[in-house]
1. Take residue 320 and decide whether it is out of contact with any helix residue (DSSP H, G or I) (no Cβ under 6 Å at 6 or more places or on another chain), closer than 30 Å to residue 79 by Cα and surrounded by 13 or more Cβ atoms within 10 Å (Cβ to Cβ).
2. For the stretch 252-261, state whether one or more residues are farther than 16 Å from residue 122 by Cβ and surrounded by 12 or more Cβ atoms within 10 Å (Cβ to Cβ).
3. Residues being exposed (fewer than 11 other Cβ atoms within 10 Å of the Cβ) and part of a helix (DSSP H, G or I): count how many of those fall in the stretch 21-39.
4. For the stretch 142-165, does any single residue satisfy the condition of being within 18 Å of residue 246 (Cα to Cα) and assigned to a loop (DSSP other than H, G, I, E, B)?
5. For residue 131, indicate whether it is more than 18 Å from residue 241 (Cα to Cα), outside the structural domain of residue 296 (by TED's automatic domain parsing) and either in contact with a helix residue (DSSP H, G or I) (Cβ under 8 Å, 6 or more places away or on another chain) or in a helix (DSSP H, G or I) (or both).
6. Take the residues in the stretch 206-220 that are without any contact (Cβ under 8 Å) to a residue 60 or more places away in the chain and under 19 Å from residue 115 (Cα atoms); name whichever of them is surrounded by the fewest Cβ atoms within 10 Å (Cβ to Cβ).
7. Within the stretch 156-166, does at least one residue satisfy the condition of being surrounded by 19 or more Cβ atoms within 10 Å (Cβ to Cβ) and more than 27 Å from the chain's Cα centre (by Cα)?
8. With respect to residue 323, is the statement that it is in contact with a strand residue (DSSP E or B) (Cβ under 6 Å, 6 or more places away or on another chain) and modelled with pLDDT under 90 true?
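The values are calculated or read from the model by the stated rules, or taken from the named source; none is laboratory data. The shown structure was predicted, so the numbers you read here are calculated from the model rather than taken from an experiment. Cβ coordinates were reconstructed from backbone atoms using ideal geometry, including for glycine residues, and neighbour counts include every protein chain displayed.
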């Protein structure tokens, strides 16, 4: 029997907890504005009754009247009625909870970001430097994808697969955040080797679209694989190649000297090779000479390569007004019963 009462009372008592009320959505939330008016009704009622009440002067003997705490019980019917009205308002406001389930259908695409981390990526024609600008925009690109597998290859004089194809975008963001200049001991720009590593990673993919985005700021100066040959090999395995050339040609800022004065170096991008790589991979070449152009480049690629992901949402809405309606009716019946007891002042009611 105690267990039965516990099973019955637990949900009833839980329904009046603040955390429970806060967890609902309300079909008629404006009705909740009526709740503060409930105690105001009783204040107005008391004020009107006091104004109409006849007054009779009575002389009392000296001394203090004895206190009888049972007189407080005279307020019990009003409290019960106020609670009944309050629960009635809650029931009319229709508390609800909605469970939403999202089912994805369709296929994403496989994307490899191939990022140059050589020493020249420290140049500051992009702010704060080329590498940090590329990292920031690549992170925004990842944030804008959904359902695609994305991997990361980094290269300087050598090339390494840093992150496999994955939909764990938090892992990718962490790997991007950890990229730094000098992380590959052998400096240089091995574009052909980087494309070879990307091809090896994507060649077994069964995705309808296999995409490689190469980001570099220089010309091929390292590695034993010719970039154009690597691009043709990638295309043979079904890879589509986009190339992004970073930075300006000519004299660009490169930190400061010991006296704090800005220093400059001369740099040049092998745009011809980058264009040939994109053409061999049936993609496009982009030139990004500043942060805005780099961001716009990734936005264009994002528009070109769309995943065929469809979302179906299932919504199940459940009403919880009944339990508050039971509270309202139960307290209303209790109030009617209390009106027939000594707790009610029949002269006032």
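1. yes
2. No, there is no match, as no residue in the stretch 252-261 is farther than 16 Å from residue 122 by Cβ and surrounded by 12 or more Cβ atoms within 10 Å (Cβ to Cβ).
3. 3
4. Yes, some residue in the stretch 142-165 is within 18 Å of residue 246 (Cα to Cα) and assigned to a loop (DSSP other than H, G, I, E, B).
5. The answer is no for residue 131.
6. Checked the stretch 206-220; the qualifying residue surrounded by the fewest Cβ atoms within 10 Å (Cβ to Cβ) is 219.
7. yes
8. In short, no.
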